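The values are calculated or read from the model by the stated rules, or taken from the named source; none is laboratory data. These numbers come from a predicted model, not from an experiment. In this analysis, Cβ positions are derived from the backbone assuming ideal geometry, glycine residues included, and neighbour counts consider all displayed protein chains.
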Ligand SMILES: [Fe+2]
Ligand SMILES: [Fe+2]
């Protein structure tokens, strides 16, 4: 396990993400975790009031950063798997594709300014961090390490 401690104490997050064995991938996971923390902050702010235009702009901005970064991360992870002949590539890719499809559904809720998007998006993000990274990604750790990756 390793943690993320932001230099900005307001955003400090200690996220118990597993070390998946490849440094560049670990760093990407931490970045995704910091987005989830940012998202939680937005949800907390919205607990006490209606979303204003400014809030929606903040949501749009964060969501597009998440979407772009998730795509970059998935393609890098998938490229690495393909390059080294990871035997569970297809099943893993299916999980990535499903997540991207779910993001598209959330995007349409956000576009329609449906505040209910936040429950779906929040649970997707945390489920991703806790289940996908710590369970599914963690499965390739030994494989990549045996290939000499660090
Ligand atoms: Fe990952
Ligand atoms: Fe993955």
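Only one residue in 65, 113 is loosely packed, with under 14 Cβ neighbours inside 10 Å, under 22 Å from residue 52 (Cα atoms), more than 13 Å from the chain's Cα centre (by Cα) and more than 15 Å from ligand 1 (Cβ to nearest atom), so which one is that?
Values: 65 fails: more than 13 Å from the chain's Cα centre (by Cα).
Result: 113 is the single residue among 65, 113 that is loosely packed, with under 14 Cβ neighbours inside 10 Å, under 22 Å from residue 52 (Cα atoms), more than 13 Å from the chain's Cα centre (by Cα) and more than 15 Å from ligand 1 (Cβ to nearest atom).
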### Task
Mind telling me which of the residues 105, 54 ends up being at pLDDT 95 or above and under 25 Å from residue 137 (Cβ atoms)?
105
### Task
Hey, could you check segment 85-128 for residues that are in contact (Cβ under 8 Å) with a residue 12 or more places away in the chain, within 11 Å of ligand 2 (Cβ to nearest atom) and assigned to a helix (DSSP H, G or I) and say which is farthest from residue 22 (Cα to Cα)?
99
### Summary
Here the residues within segment 133-142 that are within 13 Å of ligand 2 (Cβ to nearest atom) and surrounded by fewer than 19 Cβ atoms within 10 Å (Cβ to Cβ) are 134, 135, 136, 138, 139, 141
### Message
Take the conditions under 13 Å from the mean Cα position of the chain (by Cα), within 15 Å of ligand 1 (Cβ to nearest atom) and either surrounded by 11 or more Cβ atoms within 10 Å (Cβ to Cβ) or at pLDDT 95 or above (or both) and apply them to residue 80. Does it pass?
### Response
no
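Could we say that residue 25 is surrounded by 12 or more Cβ atoms within 10 Å (Cβ to Cβ) and either within 22 Å of residue 139 (Cβ to Cβ) or modelled with pLDDT of 95 or more (or both) here?
yes
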#### Entry: Extreme residue, nearest to ligand 1 (Cβ to nearest atom), among residues of segment 129-150 that are in a loop (DSSP other than H, G, I, E, B) and in contact (Cβ under 8 Å) with a residue 24 or more places away in the chain
149
